[in-house]
Amino acid sequence: MNILFNDSSVTVAIVGCGGFVGCHLLDAVLARTKWHVFGVDLDFYRIQHRLNDERCEFMVADLADKSVVERIAKYPVVVNLAAICTPSRYMAEAPEVIRSNYDHPAALVDACAKSGSWLIHFSTSEVYGRTSADSGLLVEDETELTFGPVTASRWSYATAKLLTERYIAGLKNLKWTVVRPFNFVGPYMDFMPGVDGSGIPRVLANFSSALVRGEPLKLVNGGVAKRSFTSVFDAIDFLFALFEAGQMGRASVLGTAAHAACVTECVAEKSPFSQAFNVGNPDNEITIAELACKMREIFAEIKGIPLESIPEPEKISGVEYYGKGYDDSLRRLPSVEKAERLLGFKAQTPIDVVLRESLTWFVMHYGFPNH
Ligand code: UDP
C-alpha cells in the first residue's frame, strides 16, 4: 500500500458521505487505506453497513449549521459532496437550491481557508451552461460559460455552483481542488420516485424507474441532448489519483514537517491544487434517445423478456415535463486532458458496462414487479 494510504493517523472528512458518490468514496477509503473518516450527512441509508465501523465517526447534520462547519474544517482533507442536485428542484425551489449550493459551501470554504485544510469541492459539469448541439470539448480553463436568461430557472443550480467555484478560486490562502462531474452513474444513484425520494431524478434513475414500473421512458425534447456517462467507480479512482498527487501537501495534510520532503519541484509542476478538473468519459458520449434504446435492450436481457414487451419511449417537451423555466445543455463532452496530464487519470469503464451495472443494481434493489 502507498505510504500515504497506509498512514492511520490521517482522517478525511466526507461531507455528504451518505449520498451517491459519498457512499462509494467511504467504501473505497475503508478498503484501500488505513485512514479514518469523519462523515456528515442528513441521511445514512446507503451506508448502514458502515455505521459501527471503528474507523468512522458520523454526524447527522448539514452545512447550514456553523458549528458543524467549524468541526469539519478541523480535518486536514475535506471532500464536500453535499448538494441539492435534483433537476426538477432547480425550477421549483431555486432559492433553496442556491442556498445549498452557494451559501452553505461558502461557509465551509471560509472555515477551510482559516484552518488550512485541503478542500476538494464537488461542483458540476453544468457550469458549462447552455451548450449547443455542436459544442466541442469542454475545457476547464478555456471554454466560455454561458447560462440562459434569469427566467430560465434551470440555471439556478449551475449559477450557484459557479459562484462557489469563483469564491473558492478568489481566496488567496485556501488550498483547493474543484471537481466537475460529468453525469456519474452507478449503484445508489439518486432515487426511485415515490419510493425513496420525490421529484424527477436524473435521467438514469428516471429511466430505470420507468423500466421497473413498465412505463414508457420520457424523451425530453426528443432526447436529442448528448451526455458522456461516467462510472462512479472511475470517479472514485480519480479521487484516489488526486489524493496521491496531493502528497506534495503532505506536510499539512498529515500535520508533520517530515513530509515536507515530498514537495519536490517535479511534483510541484503537477500540482493538483488551485485547479478545476473535469471528471468524465468522452468515449461514453451518447444521445438520450440512444441511452433509452440501450437501457430497454439491457432491461429486456436482465428480465429475459422480448424487447417488444417493453413500452416504446415517448417524446415530451421540457416545459411539460419539468415545468416552466426548464432549459438544457445540448452537449456535454469533457476534455479530460488535464486530469490525464496532472494526475495520470483516465476513466476506463465503457458505456455498456456502466449501464448494465447500474440497471442490474437498480432492478435488484427496487424489486422486480410483474407487468
Ligand atoms: N431527460 C430525459 N428524460 C428523463 C430525464 C432527463 O430525456 O426522464 C434528459 C434531460 O432533459 C437532459 C438529459 O436527459 O437532456 C440529462 O438530464 P439529467 O436530468 O440526467 O441531468 P443533466 O445532465 O441535464 O444535468
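Restricting the first residue to region 80-95 and requiring it to be under 13 Å from Ile200 (Cβ atoms) and away from the ligand (no atom under 15 Å from the Cβ), which pairs with a second residue that is hydrophobic (A, V, I, L, M, F, W, C) and outside any helix (DSSP H, G or I) meet a Cβ separation below 9 Å and a spacing of at least six or different chains? Short answer, once both residue conditions are applied: Glu93/Ile84.
Residue count for region 302-361, restricted to those that are more than 18 Å from the chain's Cα centre (by Cα), of a type in the set (Val, Ile, Thr), modelled with pLDDT of 95 or more and assigned to a helix (DSSP H, G or I): 3.
Before we move on, is Arg341 more than 16 Å from the ligand (Cβ to nearest atom) and charged (D, E, K, R)?
On the way: more than 16 Å from the ligand (Cβ to nearest atom): yes; charged (D, E, K, R): yes.
Taking the combined requirement at face value, the residue satisfies it.
Of all residues in region 141-160, those satisfying the criterion of being in contact (Cβ under 8 Å) with a residue 12 or more places away in the chain and either surrounded by fewer than 17 Cβ atoms within 10 Å (Cβ to Cβ) or not in a helix (DSSP H, G or I) (or both) are Asp141, Thr143, Leu145, Thr146, Phe147, Gly148, Thr151, Ala152. Of the residues in region 161-173, none is touching an Asp or Glu at 6+ places or on another chain (Cβ under 7 Å) and in a loop (DSSP other than H, G, I, E, B). Please work out which residue is nearest to the ligand (Cβ to nearest atom), limiting yourself to region 185-208 and to residues that are within 21 Å of Val319 (Cα to Cα) and either among the aliphatic types (A, V, I, L, M) or touching a Pro at 6+ places or on another chain (Cβ under 6 Å) (or both). The selected residue is Val203.
Quick check, is Glu165 touching a strand residue (DSSP E or B) at 6+ places or on another chain (Cβ under 9 Å) and within 13 Å of the ligand (Cβ to nearest atom)? So Glu165 fails the test.
The values are calculated or read from the model by the stated rules, or taken from the named source; none is laboratory data. Predicted model only: the values in this text are computed from it and were never measured. Here the Cβ is made from the backbone with ideal geometry for all residues, glycine too, and neighbour counts use every protein chain on show.
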